[in-house]
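Engineer: My questions all concern the structure below.
The values are calculated or read from the model by the stated rules, or taken from the named source; none is laboratory data. Computed from a predicted model, the values in this text were never measured in an experiment. In case anyone asks, the SASA skips ligands and DNA or RNA and just uses the protein heavy atoms, side chains included. Shrake-Rupley method; radii C 1.70, N 1.55, O 1.52, S 1.80 Å.
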Amino acid sequence: MSLNTFGQLFRVTTWGESHGPALGAVVDGCPPGIAVSEEALQVWLDRRKPGQSKYTTQRREADAVEILSGVFEGVTTGTPIQLLIRNTDQRSKDYGDIAEKFRPGHADITYWQKYGIRDYRGGGRSSARETAARVAAGGIARAALAALVPELAISGYMVAVGPHGIDRERFDRDEIDRNPFWCPDAEVAHAWAAYLDELRKSGDSVGAIVEVTADGVPPGLGAPVYGKLDTDLAAAMMSINAVKGVEIGEGMAAAALTGSANADEIRMGPNGPVYSSNHAGGILGGISTGQPVVVRFAVKPTSSILTPRRTITKAGAETEIVTKGRHDPCVGIRAVPVGEAMMACVLLDHLLLDRGQTGGARGAIGGA
């Protein structure tokens, strides 16, 4: 299996399987002199790890990250950083009944069709467990961004569970860390709890929409045509397990707007351009404007469910399947820290690319 690496200058390679002894990442291209520790990375992994509420899988993993290389005396050396996360709570026996069957909606069938072999224990590389390595790598990216662009802040949150969306009028950023759904709307968070309780008890699952914003992104990141910032952000978010759609800024809704409504008007402020709105999501022509970068992605319902579904076996016989094990009724909940991590990795990569190409030079506006 090839293509396990993403990024151009800041490059991340993930490895390992859901039910193997460990998984992790190799991070290459991180600038030297960045303060990094296992304790600092653990903060981000603790946000993603399973078993923290009844609304996520009850698999109990510490997700304790170990730094094996690339850090000396508390700072990065500029050499490859090896990150290791050991699996400690696998229950592979839960998957014995599906060794010969394909789960509807899961990558089982396509992995088999492509490689002629698959790891049916939790899905192997197609499992959402792989994203723990991305979050660890994202912690490295966050540390580098904090050193290079201290004012940059990344925040992820859920804006919809199934058909139930937040009310933007009640948006409270401080509420995000107060509920198990990373929800900025306290009122709808209570409704989500009741809705997911019902789904969980019935053995079903549901999808979600996650929004990730980055404030303080400097203008000028990204390149026209094939190196667009939004191109790489879309690819990064789409690469997350179970993601089926990505939007930048207004996204699909922009198709229903007129040009006069969609174009973000520009005025001159005391410190440079000021925009009347942010339909573009902070990116124009593939290049950041200096406004908040806004990305949304849709996560499909968890495919491993207790509800019986029709399927086929490897031999081609029609049958029925019920997936045992510990699964998320809404995997979108744990996708929030993953989306934040991917945002951090892409922004750092583009920051390094811009420094390499332009040296940080910028066109003057208003004599500044």
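Engineer: Taking the Cα atoms of region 239-368, report the difference between the largest and smallest coordinate on each principal axis, in whole Å and largest first.
Structural biologist: Extents along the principal axes: 72, 38, 25 Å.
Engineer: Please list M238, M158, M268 from largest to smallest accessible area, probe radius 1.4 Å, with all protein chains kept in place.
Structural biologist: Of M238, M158, M268, the descending order of accessible area is M268, M238, M158.
Engineer: What part of the accessible area of the chain, given as a whole %, is carbon or sulfur when the probe is 1.4 angstrom? Don't jump to the answer; show the numbers that get you there.
Structural biologist: Working: 9210 of 16850 Å².
That fraction is 55 percent.
Engineer: Take each uninterrupted DSSP H stretch in the chain, measure its Cα extent along the helix axis, and return the ones at 20 Å or beyond whose mean Kyte-Doolittle hydropathy is at least 1.0.
Structural biologist: On the way: long enough: 131-148 (25 Å, 1.22); 186-202 (25 Å, -0.25); 332-358 (39 Å, 0.67).
Qualifying helices, which must be both long enough and hydrophobic enough, are 131-148.
Engineer: Give me the Kirkwood hydrodynamic radius of region 137-293 in Å, from all C-alpha pairs, to one decimal place?
Structural biologist: Working: mean 1/r = 0.0567 Å⁻¹.
Over region 137-293, the inverse of the mean reciprocal pair distance is 17.7 Å.
Engineer: Reported to two decimal places, what Rg/Rh ratio describes region 66-211 when computed on Cα atoms with Rh from the Kirkwood expression?
Structural biologist: Numbers: Rg = 20.0 Å, Rh = 19.1 Å.
Here the Rg-to-Rh quotient is 1.04.
Engineer: So which aspartates and glutamates can K228 reach, going by Cα to Cα under 20 Å and dropping same-chain residues fewer than 8 places off?
Structural biologist: E211, D215, E247, E250, D264, E340, D349, D354
Engineer: Let me have the 222 nm mean residue ellipticity of the chain computed from DSSP H runs of 4+ only, each contributing -39500 (n - 2.57), with the sum over all residues rounded to the nearest 500. Please report the intermediate quantities before stating the final value.
Structural biologist: Values: 7 runs with 95 residues, N = 368.
Computed mean residue ellipticity for the chain: -8500 deg cm²/dmol.
Engineer: Sorted from largest to smallest, which semi-axis lengths in Å does the alpha carbon gyration tensor of region 213-302 give for its equivalent ellipsoid, taking the root of 5 times each eigenvalue? Write down the numbers at each step before the final one.
Structural biologist: Details: eigenvalues 119, 49, 26 Å².
After scaling each eigenvalue by five and taking roots: 24, 16, 11 Å.
Engineer: Viscosity 1.567 mPa s, temperature 4 °C: give me the Stokes-Einstein translational D for the chain in µm²/s, with Rh taken as the Kirkwood radius over C-alpha pairs.
Structural biologist: Details: Rh = 21.7 Å.
D = 60 µm²/s.
Engineer: Could you provide, to the nearest whole Å², the per residue accessible area of the chain with probe 1.4 Å? If you can, show how the numbers build up before the last one.
Structural biologist: On the way: 16850 Å² over 368 residues.
Averaged over the residues of the chain, the accessible area is 46 Å².
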